[in-house]
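Taking it in order: structure first as structure tokens, then the write-up.
The values are calculated or read from the model by the stated rules, or taken from the named source; none is laboratory data. As the structure is a prediction and not an experimental result, all values here were calculated from the model. Ideal geometry is used to build each Cβ from the backbone, glycine not excepted, and the neighbour counts take in all protein chains shown. Calculation scope for accessible area: heavy atoms of the full protein, side chains included, ligands and nucleic acids excluded. Shrake-Rupley method; radii C 1.70, N 1.55, O 1.52, S 1.80 Å.
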Amino acid sequence: MKIVQFPTSQVVYFRRVGQYGPENQAVMQVAKQWVKRMQLTAAATILGIALDDPQVTPATQCRYDVCVATTIQSKEPVTRRQLVGGRYACFKVAHTAVAIQTFYQQLPVYLAQYQLIMADKPVIERYQPQFVA
């Protein structure tokens, strides 16, 4: 675990609404294809953001955004917004369903272990450029 300061940045995002799970991979693939078309693969960090708490929000209304920090102008229609920066605790987790599920089950333990307080913000998954291809 390490603490990282994310800058406030402009992002292009692709959204899926529905129950979190394997179906989120489809929107991730759409974002990756866009990154490749825009020739951003060498510098693209992709962020996956689960915007809603599935314990509060009905599964059919949960929003999952896949974001790419960029100011590039695209001839394709894309949706943009500003992602507010701040301090984030970063954990390296294998990108498998089991590893991710285990991480979320252990999250309360990690918060206590590192004396962290969970902010009232969505969890952000960060995929560095070497994992975008």
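Below is a table of values for the structure above.
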{"quantity": "By accessible area with a 1.4 Å probe, ligands and nucleic acids excluded, highest first: order of Tyr64, Tyr127", "calculated": "Tyr127, Tyr64"}
{"quantity": "The stretch 68-132: trypsin sites (Lys or Arg not before Pro) in DSSP loop, at most 13 other beta carbons within 10 Å", "calculated": "Lys75, Lys92"}
{"quantity": "Sorted peptide list for 35-48, 96-109, criterion being average Cβ within 10 angstrom, highest first", "calculated": "35-48, 96-109"}
{"quantity": "The chain, Cα convex hull volume normalised per residue, Å³", "calculated": "116 Å³"}
